[in-house]
2 protein chains.
Amino acid sequence: MSKEIVLAADLGGTNLRMAAVSRAGEILFRNGCETPRTGSPHAIVDAIVQSAKECKDSCSDHEIRVLAVSVPGTVKNGSVVTTPNLPMLDGFAFAAEIEKSFGIETVLENDANAAAVGENWLGAAKDFGNSVCLTLGTGIGGGVVLGGTILRGTNGAAGELGHVCVEANGAQCGCGSRGCIEQYASASAIVRMANELKEKFPDSVLHSNATAAEVFSAAKCGDALAGEVFREMGTYLGIAITDLINIFDPEAIVICGGASEGWELFAPHMHATIKQRAFGGAERPPIMRGTLGDNAGILGTARVAFDRLDSLSR
Amino acid sequence: MSKEIVLAADLGGTNLRMAAVSRAGEILFRNGCETPRTGSPHAIVDAIVQSAKECKDSCSDHEIRVLAVSVPGTVKNGSVVTTPNLPMLDGFAFAAEIEKSFGIETVLENDANAAAVGENWLGAAKDFGNSVCLTLGTGIGGGVVLGGTILRGTNGAAGELGHVCVEANGAQCGCGSRGCIEQYASASAIVRMANELKEKFPDSVLHSNATAAEVFSAAKCGDALAGEVFREMGTYLGIAITDLINIFDPEAIVICGGASEGWELFAPHMHATIKQRAFGGAERPPIMRGTLGDNAGILGTARVAFDRLDSLSR
């Protein structure tokens, strides 16, 4: 039992990362490659199997019985439902195809769900059975852990927390709606908001099309435009998190992902908004930065694999 | 086992209703009285015990082992956390006090959770394990059933769906926040919106301070102001329900409560908004009117009692 490990793959639009992970959450080996973009789902299966074989060879003194793969999209029963950044996988029986080539039980998970599970297992929310996690990246992903189990919903589409509406007639979102929190608190939102505020702040050091990192640096140096971007980000994040508190009454809320780097700039506005808005009856949960960084997803994916392994053993 | 029944009490700010309910959901006997407003929680305990004794005497050929009470507030571990309309109960060990007087196991539930359980057990959502219920009354209550179990949260405060924000800088809400759906789709919201729109619609038949029922009648007769109220109600309800679809990916959404009487007037706008806004990846769940009417709460409360009875038997 102690020598049993799992393989966890984090399949992104750009890169495929894989790791061999122990039951204690140690990463024993890791590798990676670019995500094949030939348009064929089989090229992606081949890349995963290739990486998995490398991991297996490097950990030949361990037993590997489950491989879990997280994908940037919705998954259900081992198939991909939709992946906007890897459309060749839509409707593809991904887990079954990997299993056929690699010969090992394979499960799928949504990437933001995996990050939520990772932070709940070994990260910021590790002492809590109920936690809600927001991943602020290019877009915003979400994951809800209830009693230690991820909330998946009827079609594997629960936890799309990036599309909680915070401004009824707000910015157009890629999902077809308007005013989603993804349009106010993601890396791409930071870029958009900085661009839109340029006219109001002629003295800003920011040029057109500044990156999120440049807006962050400018805000740290006291640039008023950049400061306003993080004020808006924090305020809207506070509105969305208030919704999540009123809906889930969770034990903890975790914020991770690249755009959470701006924490010190947006968090004061976020906390002030939640204090003003959250429903009186409930105690407010702690709102914390994730502690696992880039590893949240791969560790959460490993945990999903261990959960499957344990269900196989029962 | 077949002669085992439960008692279910629905304690409101104005009335206390009670029923003896069979395992099949039949109401075998019911009674009620005004809610004592002496300021003492013990007067309410006495009224419940009095009603319960009447029910018990009228069903003397059945065995009664559990009494459940739904209250308009948050409850946790048999105590009331907060009840804005019955503040004398705040922090009161309500279940234990009833048990002491009546000698029967007593459990508490939030009233909107009870309605959600009722509609999930015997009403509109009875074929679904996962459903979300909104009760449109004077305010808006919510309940979320996941895998047949109500979502209660850390402090008993989950499912406060009336306080999902639909307009960041919208109408002030009693909860301290702004723009909650309760301010756009409850009976009191109908009254407020009609008042606010009067200047824009000088030809409206509606006088100042029209009741929700009068706004409803006027809309059915083609009054433009009243029609606009239900258009806004439907649109905002669509925004809130889109959030709930994106968050829970439920099998069904149920709308009940007195203000759902305006269904034919607001539902077309609600459906159109959801169609525009809900996340592409997910199938959209059916959105249905509750079918149990005023009995949703009391039947749901009875189901909570049966669940407790079953857990005692295990």
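The values are calculated or read from the model by the stated rules, or taken from the named source; none is laboratory data. Not measured: the values here are computed from a predicted model. All Cβ positions, even for glycine, are placed from backbone atoms using ideal geometry, and neighbour counts span all protein chains on display.
Given (1) of a type outside the set (Gly, Ala, Ser); (2) surrounded by fewer than 24 Cβ atoms within 10 Å (Cβ to Cβ); (3) touching a strand residue (DSSP E or B) at 6+ places or on another chain (Cβ under 9 Å); (4) not in a loop (DSSP other than H, G, I, E, B), where does B:Met88 come up short, assuming only one miss?
Among (1) of a type outside the set (Gly, Ala, Ser); (2) surrounded by fewer than 24 Cβ atoms within 10 Å (Cβ to Cβ); (3) touching a strand residue (DSSP E or B) at 6+ places or on another chain (Cβ under 9 Å); (4) not in a loop (DSSP other than H, G, I, E, B), B:Met88 violates only (3).
Could you grab me the full set of residues in the range B:129-155 that are of a type outside the set (A, V, I, L, M), closer than 13 Å to B:Asp111 by Cα and crowded, with 24+ Cβ neighbours inside 10 Å?
Result: B:Cys133, B:Thr135, B:Gly139, B:Gly141, B:Gly142, B:Gly143.
Provide a single number: the residues in the range B:236-250 that are part of a helix (DSSP H, G or I), at the interface with another protein chain (Cβ under 8 Å from one of its Cβ atoms) and over 10 Å from A:Val164 (Cα atoms).
2
For B:Cys175, state whether it is without any contact (Cβ under 8 Å) to a residue 40 or more places away in the chain and surrounded by fewer than 23 Cβ atoms within 10 Å (Cβ to Cβ).
When the stated conditions are applied, B:Cys175 passes them.
Here is a list: B:Val66, B:Val6, B:Val75, B:Val21. Which entry is within 28 Å of B:Asn120 (Cβ to Cβ) and either within 14 Å of another protein chain (Cβ to nearest Cβ) or among the hydroxyl-bearing types (Ser, Thr, Tyr) (or both)?
Details: B:Val66 fails: either within 14 Å of another protein chain (Cβ to nearest Cβ) or among the hydroxyl-bearing types (Ser, Thr, Tyr) (or both); B:Val6 fails: either within 14 Å of another protein chain (Cβ to nearest Cβ) or among the hydroxyl-bearing types (Ser, Thr, Tyr) (or both); B:Val21 fails: either within 14 Å of another protein chain (Cβ to nearest Cβ) or among the hydroxyl-bearing types (Ser, Thr, Tyr) (or both).
On inspection, the qualifying residue turns out to be B:Val75.
Would you mind stating whether B:Pro285 is in contact with a strand residue (DSSP E or B) (Cβ under 6 Å, 6 or more places away or on another chain) and assigned to a loop (DSSP other than H, G, I, E, B)? Step through it out loud before you land on a result.
Details: in contact with a strand residue (DSSP E or B) (Cβ under 6 Å, 6 or more places away or on another chain): yes; assigned to a loop (DSSP other than H, G, I, E, B): yes.
Judged against the criteria, B:Pro285 is a match.
For the range B:162-177, which residues satisfy the criterion of being part of a helix (DSSP H, G or I) and more than 8 Å from chain A (Cβ to nearest Cβ)?
Pass one, the range B:162-177, residues part of a helix (DSSP H, G or I): B:162-163.
Result: B:Gly162, single match.
Filter the range A:251-268 down to residues that are under 12 Å from A:Asn130 (Cβ atoms) and surrounded by fewer than 24 Cβ atoms within 10 Å (Cβ to Cβ) and give me whichever is farthest from the other protein chains (Cβ to nearest Cβ). Reasoning before the result, please.
From the range A:251-268, those under 12 Å from A:Asn130 (Cβ atoms) are A:251-254; that's our starting set.
If we keep only those that are surrounded by fewer than 24 Cβ atoms within 10 Å (Cβ to Cβ) as well, we get A:251-253.
Numbers: A:Glu251: 5, A:Ala252: 9, A:Ile253: 11 Å.
Step by step, filter the range A:251-268, then rank; the result is A:Ile253.
If we keep just the residues of the range A:121-134 that are small (Gly, Ala, Ser) and away from every other protein chain (no Cβ under 14 Å), which is farthest from A:Gly78 (Cα to Cα)?
Step one: list which residues in the range A:121-134 are small (Gly, Ala, Ser), which gives A:123-125, A:129, A:131.
Applying the additional criterion that residues be away from every other protein chain (no Cβ under 14 Å) yields A:123-124.
Details: A:Gly123: 26, A:Ala124: 29 Å.
Among them, the one singled out is A:Ala124.
Hey, among A:Gly170, A:Gly139, A:Gly129, which residue is over 17 Å from the mean Cα position of the chain (by Cα), at pLDDT below 95 and within 20 Å of A:Asp243 (Cα to Cα)? Step through it out loud before you land on a result.
Details: A:Gly170 fails: at pLDDT below 95; A:Gly139 fails: over 17 Å from the mean Cα position of the chain (by Cα).
A:Gly129 is the lone residue from the list that is over 17 Å from the mean Cα position of the chain (by Cα), at pLDDT below 95 and within 20 Å of A:Asp243 (Cα to Cα).
Is the range A:214-222 home to any residue that is more than 16 Å from A:Tyr184 (Cα to Cα), part of a loop (DSSP other than H, G, I, E, B) and either in contact with a strand residue (DSSP E or B) (Cβ under 6 Å, 6 or more places away or on another chain) or not hydroxyl-bearing (Ser, Thr, Tyr) (or both)?
yes
For the range A:142-172, which residues satisfy the criterion of being more than 22 Å from A:Arg277 (Cβ to Cβ) and touching a Cys at 6+ places or on another chain (Cβ under 7 Å)? Spell out the reasoning first.
If we filter the range A:142-172 for residues that are more than 22 Å from A:Arg277 (Cβ to Cβ), which is where we start, we get A:143, A:145-158, A:172.
Matches in the range A:142-172: A:Gly143 only.
Out of the range B:124-155, which residues are in contact with an Asp or Glu (Cβ under 8 Å, 6 or more places away or on another chain), part of a strand (DSSP E or B) and farther than 23 Å from B:Gly238 by Cβ?
Within the range B:124-155, B:Ile150 is the sole residue that qualifies.
Among the numbered criteria (1) among the polar types (S, T, N, Q); (2) at pLDDT 95 or above; (3) under 17 Å from B:Gly300 (Cβ atoms), which single criterion is violated by B:Thr74?
Failed condition: (2).
Go through the range A:271-289 and give me each residue that's under 26 Å from B:Val75 (Cβ atoms) and either modelled with pLDDT of 85 or more or of a type in the set (Ser, Thr, Tyr) (or both).
Applying the first criterion (under 26 Å from B:Val75 (Cβ atoms)) to the range A:271-289 yields A:274-287.
Across the range A:271-289, the qualifying residues are A:Ile274, A:Lys275, A:Gln276, A:Arg277, A:Ala278, A:Arg284, A:Pro285, A:Pro286, A:Ile287.
Tally time: how many residues in the range B:40-83 are surrounded by 22 or more Cβ atoms within 10 Å (Cβ to Cβ) and free of Cβ contacts under 8 Å to residues at least 40 places away in the same chain?
3
For B:Gly293, only one of the following conditions fails: (1) assigned to a loop (DSSP other than H, G, I, E, B); (2) surrounded by fewer than 16 Cβ atoms within 10 Å (Cβ to Cβ); (3) within 14 Å of chain A (Cβ to nearest Cβ). What is its number?
(3)
Among A:Gly148, A:Gly159, A:Gly137, A:Gly118, which is the only one that is of a type outside the set (Lys, Arg) and within 11 Å of chain B (Cβ to nearest Cβ)? First the steps, then the outcome.
Numbers: A:Gly148 fails: within 11 Å of chain B (Cβ to nearest Cβ); A:Gly137 fails: within 11 Å of chain B (Cβ to nearest Cβ); A:Gly118 fails: within 11 Å of chain B (Cβ to nearest Cβ).
Sole residue among the options that is of a type outside the set (Lys, Arg) and within 11 Å of chain B (Cβ to nearest Cβ): A:Gly159.
Does the range B:178-219 hold any residues that are surrounded by 24 or more Cβ atoms within 10 Å (Cβ to Cβ) and either within 14 Å of chain A (Cβ to nearest Cβ) or among the β-branched types (Val, Ile, Thr) (or both), and which are they?
B:Gly179, B:Cys180, B:Ile181, B:Glu182, B:Gln183, B:Tyr184, B:Ala185, B:Ile190, B:Val215 - these are the residues of the range B:178-219 that are surrounded by 24 or more Cβ atoms within 10 Å (Cβ to Cβ) and either within 14 Å of chain A (Cβ to nearest Cβ) or among the β-branched types (Val, Ile, Thr) (or both).
Check the range A:22-38 and report whether any residue there is of a type outside the set (Phe, Trp, Tyr) and under 21 Å from A:Gly143 (Cβ atoms). Show your work before the answer.
Applying the first criterion (of a type outside the set (Phe, Trp, Tyr)) to the range A:22-38 yields A:22-28, A:30-38.
Of the ones still in play, those that are also under 21 Å from A:Gly143 (Cβ atoms) are A:25, A:27.
Yes: the range A:22-38 contains one or more residues that are of a type outside the set (Phe, Trp, Tyr) and under 21 Å from A:Gly143 (Cβ atoms).
Among the numbered criteria (1) of a type in the set (A, V, I, L, M); (2) surrounded by 24 or more Cβ atoms within 10 Å (Cβ to Cβ); (3) outside any loop (DSSP other than H, G, I, E, B); (4) free of Cβ contacts under 8 Å to residues at least 40 places away in the same chain, which one does B:Ala158 miss?
Here B:Ala158 meets the rest and fails (3).
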